[in-house]
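Below is one structure, written out as structure tokens; comments come after it.
What follows draws every value from the coordinates through simple rules; no lab data is involved. Just so you know, these numbers come straight off a predicted model, no measurement behind them. Neighbour counts run over all protein chains shown; Cβ positions are idealised from the backbone, glycine included.
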Amino acid sequence: MGYTFQSFYLDKPLIKGRVFDVFEPEKVTEDIAIFIVHGGGWWAGSRASFHEIMEAFNNRGYIVASTDYRLDAKDAFEQISDIRAAYDRFVTYLKEKNRPLKIAVYGESAGAHLASLLLCAEPGECGEKNNFVNEWIKPVLGMLQATPYDFLPWEGIMPHFWNIMQDIAGAPYDQEPERYERLSLKNYIKSTNPPLFFLEAELENLFISELTKKIADQHRAMGIPTQWKVYSRIEHGFFYELKRKAQLEAFEDICSFLNGKLKTF
């Protein structure tokens, strides 16, 4: 299936990183649109890394956006503002196309961290600053791969990775621990959260996969049909192409989740 491709910058003059791409298929058959947040350790990565997967979603009839965020931001709070602003402008795009305002958000690794806060925290609840064009439209679903349960240090954390987390938090943990609580998904779990699908790699080496199962358990107790699944013999951040068995399996599972048909729990 063919598709159209557009890039949308959020600012004039342009600000590097505050931009998102939209792939729209020739024939849109799905009511839910997809909004993707890339990973890369908060300081790297690109929206373009998901173009292949966006094309595959187009072939299933989905409109898909993939956003960047400032990789030179002073902290993660600015990055949260960036992805919320891009999400808000994607809402504008859907309005102009007379499409339903039903959006599912996908994030991976650092992108899963930022996307999880977009999904579960209310605008401004983390302490970020926002300036929206539209009334805030809550996402209807979330798909998260390699998601940090919180932003706190844990036993066995790699020192280099902890340094990266402290850099993006904007202050050392021992000086401003409250920043780390505001960046912790665990503090935003509530009955108003959308259903989530946690995709975990069997060989995950950065975040503790079992902790996101705690969120799934909490959601299920609240009546939210959140799903949780481990993919065999695959590593952290594996959903960047569609070649290996686990990648193809994850793609099919996400499509099933979007259609309310996935049962993994």
* Could you tell me, in Å, what Rg and Dmax come out for the Cα atoms of region 135-265? => 15.8, 46
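Using +1 on the beta carbon of Lys and Arg, -1 on that of Asp and Glu, and nothing else charged, what's the dipole of region 3-258 about the Cα centre, debye to 20?
Numbers: 28 positive and 37 negative charges, 121 e Å.
That gives region 3-258 a dipole magnitude of about 580 debye.
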* Report, in deg cm²/dmol and to the nearest 500, the calculated mean residue ellipticity at 222 nm for the chain, where each DSSP H run with n ≥ 4 adds -39500 (n - 2.57) and the sum is divided by the residue count. => -10000 deg cm²/dmol
* For region 170-217, evaluate the Debye formula with one uniform point scatterer on each Cα (no solvent term) and list log10 I(q)/I(0) at q = 0.14, 0.18, 0.22, 0.30 Å⁻¹, rounded to two decimals. => -0.49, -0.75, -0.93, -1.11
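With 10 angstrom as the radius, rank Ile34, Ile157 by how many other C-beta atoms surround their C-beta, starting from the fewest. Spell out each step's value before the answer.
Details: Ile34 26, Ile157 14.
Placing the least packed residue first, the sequence is Ile157, Ile34.
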* Per-residue HN-Hα couplings for region 205-214 [Karplus 6.51, -1.76, 1.60; θ = phi - 60°; Hz; x = Gly/Pro] -> 10, 10, 10, 8, 4, 4, 6, 5, 5, 4
* Asked: How far apart, in nm, are two points set 7 Å out from the Cα along the Cα-to-Cβ line at Glu241 and at Glu210?
  -> 3.3
* To do: Using only C-alpha atoms and all pairs of different ones, pull out the Kirkwood radius for the chain in Å with one decimal.
  => 18.4
* Mean separation of Cα contacts under 8 Å (6+ apart) over length of the chain, as relative contact order % -> 16
* Assign one of three labels to region 98-204, namely rounded, prolate or oblate, based on the Cα gyration tensor with a ≥ b ≥ c the square roots of its eigenvalues; rounded applies when a/c is under 1.5, prolate when it is not and a/b is larger than b/c, and oblate otherwise. => oblate
* **Length-normalised contact order of region 164-231 in % [C-alpha pairs under 8 Å, at least 6 apart]** => 33
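Taking a ≥ b ≥ c as the square roots of the eigenvalues of the Cα gyration tensor of region 37-137, is the shape rounded (a/c under 1.5), prolate (a/b larger than b/c) or oblate? All intermediate terms of the calculation are to be shown ahead of the outcome.
Working: a/c = 2.01, a/b = 1.16, b/c = 1.73.
It comes out oblate by the Cα gyration axes.
Exposure proxy check: Met158, Met143 ranked by fewest other beta carbons within 10 Å? Provide the component values of the computation, followed by the final result.
Details: Met158 10, Met143 27.
By the 10 Å Cβ count, ascending, the order reads Met158, Met143.
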